[in-house]
Amino acid sequence: MTTIPTIALGAARVGFRGRITALDLTRAPSAGLEPPELERRLLELGFVEGATVELLHQGLFGGDPIAVRVAATTIALRRREAMAVVVTDHP
């Protein structure tokens, strides 16, 4: 059985393309929202298992916020919130 390597979307670089494998709220303890609220927000924005993601742009100072395309929607998200989104590389 092979294990597919995963990373947090918040740790990805501009140009990254992948697929969402899970939400792991323990990876985003400093997101500023309670875990259930962060999970609800991410799900409502389309960060669901199996969705394709692409990191399009990042802010000039500190790399925050990031612009992410999820399926066909572009969303601005703080990196600390994006740390809860677990993704695999998908060329």
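The values are calculated or read from the model by the stated rules, or taken from the named source; none is laboratory data. The shown structure was predicted, so the numbers you read here are calculated from the model rather than taken from an experiment. We place every Cβ from the backbone using ideal geometry, glycine too, and count neighbours over all the protein chains shown. Calculation scope for accessible area: heavy atoms of the full protein, side chains included, ligands and nucleic acids excluded. Shrake-Rupley method; radii C 1.70, N 1.55, O 1.52, S 1.80 Å.
Data table
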{"read-out": "Accessible area in the full protein assembly, largest first, 1.4 Å probe, for Val68, Val48", "value": "Val48, Val68"}
{"read-out": "Summed residue charge, Cβ within 13 Å of Phe16's Cβ, Lys/Arg positive, Asp/Glu negative", "value": "+3"}
{"read-out": "5 angstrom amide H check on His90, placed H, neighbours 5+ away", "value": "Arg17, Gly18, Arg19"}
{"read-out": "Centroid-to-centroid separation of the stretch 1-49 and the stretch 53-91 [C-alpha atoms, Å]", "value": "10"}
{"read-out": "Label-point separation, Thr88 to Ala76 (7 Å along Cα→Cβ), nm", "value": "3.3"}
{"read-out": "Coil-residue GluC sites (Glu not before Pro) of the stretch 9-55, DSSP, other Cβ within 10 Å capped at 15", "value": "Glu49"}
{"read-out": "Extension gain (nm, one decimal) between Leu43 and Ala22, 0.36 nm per residue minus Cα-Cα", "value": "6.5 nm"}
